[in-house]
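Some notes on the structure that comes next.
The values are calculated or read from the model by the stated rules, or taken from the named source; none is laboratory data. This structure is a prediction, so every number in the text was calculated from the model and none was measured. Here Cβ is always computed from backbone atoms with ideal geometry, including for glycine, and neighbour counts include all displayed protein chains. Keep in mind that these areas ignore ligands, DNA and RNA; they rest on the heavy atoms of the full protein, side chains included. Shrake-Rupley method; radii C 1.70, N 1.55, O 1.52, S 1.80 Å.
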Amino acid sequence: MTAPDAERQPKSLWRVSVEAPDADAAQAVIAALDGQGGAVSAFASAPEGSWRIDALSLDAPDRGLIAARLALAWSGLEGPPPEPVFARVAQQDWLKANQASFPPIEAGRFLIHGSHFQGPFPAGAL
């Protein structure tokens, strides 16, 4: 019998990453990747600069379908559509990784921390 937590763990997680030269191109890429069964996020490198669009999915991406959707979404934009990069994402404890990004903060005599914090408290801290 399998443990309930193991049943909820994905067997693999996939990322499709695409670099877009500007915000208009990023919108085209988002339209192409949206609806592929996962989450899509976009990150601006700098104001008025390039963008990185990532799509995550539990299923292996259909490379041909994504290429076709990119070509269609790219119509009207200059040049050929960017090449997507496909990669498996290594399994990890995502909750632990997220909590690690929120270390305790010392603010004067106060120690502000999340409920996950198990470390020692500085002497005299509240």
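Just one of the listed residues (Ala97, Ala123) is in a helix (DSSP H, G or I) and surrounded by fewer than 11 Cβ atoms within 10 Å (Cβ to Cβ), namely Ala97.
Filtered by the rule that a residue be over 18 Å from Val40 (Cα atoms) and in contact (Cβ under 8 Å) with a residue 24 or more places away in the chain, the stretch 73-90 gives a lone residue, Leu77. For Glu106, the requirement of being outside any helix (DSSP H, G or I), surrounded by 11 or more Cβ atoms within 10 Å (Cβ to Cβ) and modelled with pLDDT of 85 or more is met.
The set of residues from the stretch 20-33 being in a helix (DSSP H, G or I) and either open to solvent by less than 70 Å² (accessible area, probe 1.4 Å) or β-branched (Val, Ile, Thr) (or both) comprises Ala23, Ala25, Ala26, Ala28, Val29, Ile30, Ala31, Ala32, Leu33.
Pairs meeting the criteria (first residue in the stretch 48-72 and in contact (Cβ under 8 Å) with a residue 24 or more places away in the chain and open to solvent by 90 Å² or more (accessible area, probe 1.4 Å), second residue part of a strand (DSSP E or B) and not aliphatic (A, V, I, L, M), beta carbons under 6 Å, at least 6 apart or on different chains) are Arg52/Glu19; Arg52/Phe43.
Contact map, the stretch 95-109: residues that are on the phi < 0 side of the Ramachandran plot paired with residues that are open to solvent by 60 Å² or more (accessible area, probe 1.4 Å) and in a strand (DSSP E or B), Cβ distance under 6 Å, separation 6+ or inter-chain. Pairs shown: Ile105/Ile112. The residues of the stretch 15-45 that are farther than 17 Å from Leu77 by Cα, out of contact with any Phe, Trp or Tyr (no Cβ under 7 Å at 6 or more places or on another chain) and at pLDDT 80 or above, listed by number, are Arg15, Ser17, Asp34, Gly38, Ala39, Val40, Ser41.
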